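Scroll down for the structure; my scribbles are underneath it.
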Amino acid sequence: MMENTVANHFDQARDLINRLVGAGYQLGIDHFGKDFHPFGYLSTLQISYIKIDGYYTRGISENRGNQFFIKALKEAVHTLGINIVAQSIETSDEYKTLRSIKLDGYQGYVFGKPIPL
C-alpha cells in the first residue's frame, strides 16, 4: 500500500490490513515518507515493513540530513516491530551508505533491472 492511500483513507486501510493479516498475509507501506505524514499511525497498523521512498535514498552518500532521517526512522519503526527497506538504490555508494545504517532490506537498480517473466 502507498503511504498516501493509508493516510487519506486510514480507517478503510486499517480494516483491510487487519483482514488480510488475519488471513495470514504480511503487508507493508510503500514509498514511505513521500508525502510526509506524522508516522504515529504506524503503531495502530499490523504491517510487517515500510519501504523508504527513493527521495530519501537517492544520493544518500552525500546527504547527511537524509542519513539522519533514515537512522531515526529505523529506530522508531523497530520499536514497533516493523522492518524497514530502502528502495530506489541506484549506486554502490548509496548501497554502502545504507548498508552501514543496517536496514532490514534493500532494493534497486544497483542489484539489477527488472526483467520480464
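The values are calculated or read from the model by the stated rules, or taken from the named source; none is laboratory data. It should be emphasised that the depicted structure is a prediction, and the values quoted were computed from it without experimental measurement. No Cβ is skipped: glycine too gets one built from the backbone with ideal geometry, and neighbour counts run over all protein chains shown. Note: accessible area is taken over every heavy atom of the protein model, side chains too, but ligands, DNA and RNA are not part of it. Shrake-Rupley method; radii C 1.70, N 1.55, O 1.52, S 1.80 Å.
How much length is gained if the chain between Asn8 and Ala72 is pulled fully straight, taking 0.36 nm per residue apart and subtracting their Cα-Cα distance, in nm to one decimal? Let's see the in-between values first.
Working: separation 64, 0.36 × 64 = 23.04 nm, distance 2.41 nm.
The span from Asn8 to Ala72 would gain 20.6 nm if fully extended.
How far apart, in nm, are the 7 Å Cα→Cβ label points at Tyr25 and Leu80?
According to this spin-label approximation, the distance is 1.9 nm.
Could you calculate the FRET efficiency of Ile115 with Ser43 from 1/(1 + (r/R0)^6), where r is the beta carbon distance between them and R0 is 35 Å, rounded to 0.05? Don't skip to the end; give the middle numbers.
On the way: r = 38 Å, r/R0 = 1.08.
Efficiency computed from Cβ-Cβ geometry: 0.40.
Give me the accessible area per residue for the chain, probe 1.4 Å, as a whole number in Å². Mind showing how you got there, number by number?
Details: 7020 Å² over 117 residues.
Value for the chain: 60 Å² per residue.
Calculate what fraction, in whole %, of the accessible area of the chain sits on carbon and sulfur atoms when a 1.4 Å probe is rolled over the protein chains.
On the way: 3620 of 7020 Å².
C and S atoms contribute 52 percent here.
In percent, how large is the relative contact order of the chain, given Cα pairs closer than 8 Å and 6 or more residues apart?
21
Residues of the range 39-83 with amide nitrogen under 19 Å from the 7 Å Cα-to-Cβ point of Asp93?
54-70
Among His78, Ile60, Ser100, whose Cα lies farthest out toward the positive end of the dipole of the chain, if unit charges sit on the beta carbon of Lys, Arg (+1) and Asp, Glu (-1)?
Ser100
Based solely on its DSSP helices, what 222 nm [θ] is calculated for the chain when runs of n ≥ 4 H residues each add -39,500 (n - 2.57) and the sum is averaged over all residues, nearest 500 deg cm²/dmol?
Working: 5 runs with 49 residues, N = 117.
The helix-only estimate for the chain comes to -12000 deg cm²/dmol at 222 nm.
Taking amide H positions as placed in the peptide plane 1.01 Å from N, state which residues far from Lys34 in sequence (5 or more) or on other chains have amide H under 5 Å from it.
Under 5 Å from the amide H of Lys34: Asp53.
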